[in-house]
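Colleague: First the structure, which I've put down as structure tokens, then a few questions once you've had a look.
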Amino acid sequence: TCTLRLVLGDQLNTEHSWFQIVDPHVVYVLMEVRQETDYVLHHAQKILAIFAAMRDFARHLREAGHRVRYVALDDPSNRQSISENLGAMMRRYDAERLEWQSPDEWRLDAEFRSWAAQQQFATTEVDSEHFLTSRNEMAQLYAGRKQWLMEHFYRHMRRRFTLLVDAQGKPEGGQWNFDHDNRKPWPGTPAEPADTRPTHDHQALWELLQRCGVRSFGDPQAMQMRWPLNRKEALTCLDAFINSSLPHFGDFEDAMSSTSQRLFHSLLSFALNVKMLHPLEVVRSAEQAYRNGSAPLAAVEGFIRQIVGWREYVRGIYWAHMPGYDECNTLGHELPLPSWFWTGDTKMRCMHHAIGQSLQTAHAHHIQRLMVIGNFSLLAGLDPQALHRWYLGVYIDAFEWVELPNTLGMSQWADGGLIATKPYVSSGAYIQRMSDYCQGCRYDPKQKLGDDACPFNALYWDFFARHEPLLRNNTRLGMVYKQLQKMQGDQLDALRTRAKDVRARLEQL
Ligand code: FAD
Ligand code: SF4
């Protein structure tokens with residue numbers, strides 16, 4: 001008899017206590033299943049990177065002396081469902097116990113729990129030992145509060161892990177947040193650091209996906225993908241980021257450029273989300289760079305905030321509000337996504353670049369996701385659930401616990417302001433200030449009306465006029481509504497007519 005232990009594709013954590021002892025009575029199970037390739041239409045690189053990393057993880061476990069059963073996508077015994085495969089394996093191995101690490105997605109959590117309740121054998125769920133907070137910690141921290149402000153949680157985390165705080169619990173540099181230092185456009189210097197990430201050939205795996213009829217979108221880049229396969233490679237990526245990009249991370253955190261896709265971002269989200277890296281080791285490395293004098297405080301604080309702040313915070317939001325959060329649509333938006341979300345084929349240069357890059361590399365940085373693609377979608381009134389499925393499919397780092405609150409909450413205000421105190425929207429002026437996208441665009445960011453006007457401009461005013469009943473009492477929008485009130489009736493009418501026209505012709509933009 002033996003115990004089976006399930007390892008999911010986003011649980012590739014060699015440091016987990018499970019793996020510290022080699023036990024011949026334990027069989028580790030990994031499986032490639034259609035259930036996971038098909039729950040949403042995925043970018044090809046996302047499927048390839050996860051399967052390739054799972055295969056590498058299985059190899060690593062075997063080399064360390066563990067027993068492993070790896071079910072490949074085309075294995076004749078594969079029932080293409082996690083629980084059905086597990087049931088069959090429990091019988092085949094005559095196993096008496098099944099153990100799994102808590103899944104991060106509600107979908108799998110619910111499936112495992114209800115399935116396990118119907119089984120005769122013993123089951124045990126253990127912690128994934130990855131996050132810095134427990135699933136329900138945020139719900140306790142914010143009990144009774146209407147708004148769940150990230151800043152409150154972030155300070156709590158800084159103190160708790162003594163990150164950039166002194167012995168008295170005061171923040172390093174006298175401030176918790178250096179955001180106002182971190183909002184510069186990128187003038188082209190300093191140069192973007194060289195991309196030293198590993199290159200992998202996944203051609204054989206790509207052929208397997210094709211043979212099995214797995215549908216996907218985006219550029220497969222099967223011959224030369226740059227996502228790390230394992231912890232060793234991920235640690236090398238972390239080191240390279242700390243040494244070459246972190247010093248400039250803060251300055252250009254919000255910048256966008258048509259000549260640099262990455263700028264000074266870490267590209268560590270895939271390695272973090274499949275648990276090759278632990279969040280605390282990542283932020284401790286950054287803190288060390290500040291202590292060594294190799295990176296400025298504003299950059300290090302900004303980076304640490306993304307990981308111990310935003311990342312843990314959105315996970316807390318997810319678990320406190322699922323199920324149900326995935327259906328929220330406070331603004332009642334329902335326009336379908338234009339077909340150019342799958343081709344990048346739009347004349348709006350900012351959208352063309354942000355979407356084109358996403359299709360090509362399965363990655364876009366935060367401001368491209370929030371202030372270009374998300375901004376346009378919110379202004380235009382695109383269906384937030386359809387947009388959520390697009391984000392969940394396209395990005396290499398997209399797992400529902402992190403993608404859903406970012407898309408529905410932070411970006412689309414579909415939760416009515418639980419995460420974002422006001423909708424993240426802007427006219428073309430913001431994009432013009434923070435990027436070089438507007439240079440050479442078919443539209444003019446300075447014009448509001450007419451066929452050549454930047455579509456963001458009329459959509460911006462129309463958005464606030466359209467949603468006045470819901471938004472006008474928001475104290476953070478006082479200025480916007482004052483400006484709207486000052487507009488002459490016919491000026492607003494003209495803007496709204498132009499916006500109506502834009503919304504009717506999304507395909508042609
Ligand atoms: P960096 O800019 O180098 O930041 C460092 C790390 O901080 C990231 O690796 C990530 O782990 C963390 N981080 C930064 N911002 C956030 C955030 N808002 N929420 C959670 N973690 C954050 N991130 C995902 O990991 N998966 C997603 O599916 C995802 N979907 C998003 C959807 C939308 C609409 C928006 C606006 C943001 C989304 N993000 C998501 C957050 C963020 O855009 C990505 O984490 C980041 O772009 C990843 O690239 P990077 O590793 O170079 O990040
Ligand atoms: Fe985007 Fe408008 Fe600038 Fe064109 S002009 S790149 S549509 S913001």
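Quick grid of which residues meet (1) in the same structural domain as Ser257 (by TED's automatic domain parsing); (2) out of contact with any Gly (no Cβ under 8 Å at 6 or more places or on another chain); (3) under 24 Å from Arg369 (Cβ atoms):
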{"site": "Asp436", "(1), (2), (3)": "no, yes, yes"}
{"site": "Cys441", "(1), (2), (3)": "no, yes, yes"}
{"site": "Leu449", "(1), (2), (3)": "no, yes, no"}
{"site": "Asp452", "(1), (2), (3)": "no, yes, no"}
{"site": "Asp462", "(1), (2), (3)": "no, yes, yes"}
{"site": "Asn474", "(1), (2), (3)": "no, no, yes"}
{"site": "Gln485", "(1), (2), (3)": "no, yes, no"}
{"site": "Leu492", "(1), (2), (3)": "no, yes, no"}
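Colleague: Looking at Met322, Met351, Met371, which is the one that is under 22 Å from Trp148 (Cα atoms) and within 14 Å of ligand 2 (Cβ to nearest atom)? If you could, list the steps in order and put the result at the bottom.
Modeller: Details: Met322 fails: within 14 Å of ligand 2 (Cβ to nearest atom); Met351 fails: under 22 Å from Trp148 (Cα atoms).
The match here is Met371.
Colleague: So Val314 clears everything in (1) surrounded by fewer than 22 Cβ atoms within 10 Å (Cβ to Cβ); (2) over 15 Å from Thr407 (Cα atoms); (3) in contact with a Pro (Cβ under 7 Å, 6 or more places away or on another chain) except one condition, right? Which one?
Modeller: (2) is the only condition that Val314 fails.
Colleague: Go through (1) surrounded by 15 or more Cβ atoms within 10 Å (Cβ to Cβ); (2) farther than 23 Å from Gln119 by Cβ for Tyr28 and report which single condition fails.
Modeller: It is condition (2) that Tyr28 fails.
Colleague: Still on this structure, I have one more. Before we move on, is Ala286 more than 9 Å from ligand 1 (Cβ to nearest atom) and crowded, with 23+ Cβ neighbours inside 10 Å?
Modeller: Values: more than 9 Å from ligand 1 (Cβ to nearest atom): yes; crowded, with 23+ Cβ neighbours inside 10 Å: yes.
When the stated conditions are applied, Ala286 passes them.
A quick yes/no check of all residues on (1) in contact (Cβ under 8 Å) with a residue 60 or more places away in the chain; (2) within 16 Å of ligand 2 (Cβ to nearest atom):
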| residue | (1), (2) |
| --- | --- |
| Gly393 | yes, no |
| Asn406 | yes, no |
| Gly416 | yes, no |
| Gln432 | no, yes |
| Ser435 | yes, yes |
| Asp452 | no, yes |
| Asn457 | no, yes |
| Phe463 | yes, yes |
| Arg496 | no, no |
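Residues checked against (1) charged (D, E, K, R); (2) within 13 Å of ligand 1 (Cβ to nearest atom); (3) in a helix (DSSP H, G or I); (4) buried (at least 22 other Cβ atoms within 10 Å of the Cβ):
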| site | (1), (2), (3), (4) |
| --- | --- |
| Ile304 | no, yes, yes, yes |
| Pro323 | no, no, no, no |
| Asp326 | yes, no, yes, no |
| Leu337 | no, no, no, no |
| Lys347 | yes, no, no, no |
| Met351 | no, no, yes, yes |
| Ala354 | no, yes, yes, yes |
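Colleague: Among the candidates Ala222, Ala240, Ala255, single out the residue that is assigned to a helix (DSSP H, G or I) and not aromatic (Phe, Trp, Tyr).
Modeller: Ala240
Colleague: Out of the stretch 247-267, which residues are within 19 Å of the chain's Cα centre (by Cα) and of a type in the set (S, T, N, Q)?
Modeller: Listed by number, the residues that qualify are Gln261, Ser266.
Colleague: Looking at the stretch 32-53, can you tell me whether even one residue there is more than 24 Å from the chain's Cα centre (by Cα), surrounded by fewer than 19 Cβ atoms within 10 Å (Cβ to Cβ) and assigned to a loop (DSSP other than H, G, I, E, B)?
Modeller: No, the stretch 32-53 has no match at all.
The values are calculated or read from the model by the stated rules, or taken from the named source; none is laboratory data. Keep in mind it's a predicted model, so treat the numbers as computed, not measured. Because the Cβ atoms are built from the backbone with ideal geometry, glycine has one as well, and the counts that use them run over all protein chains shown.
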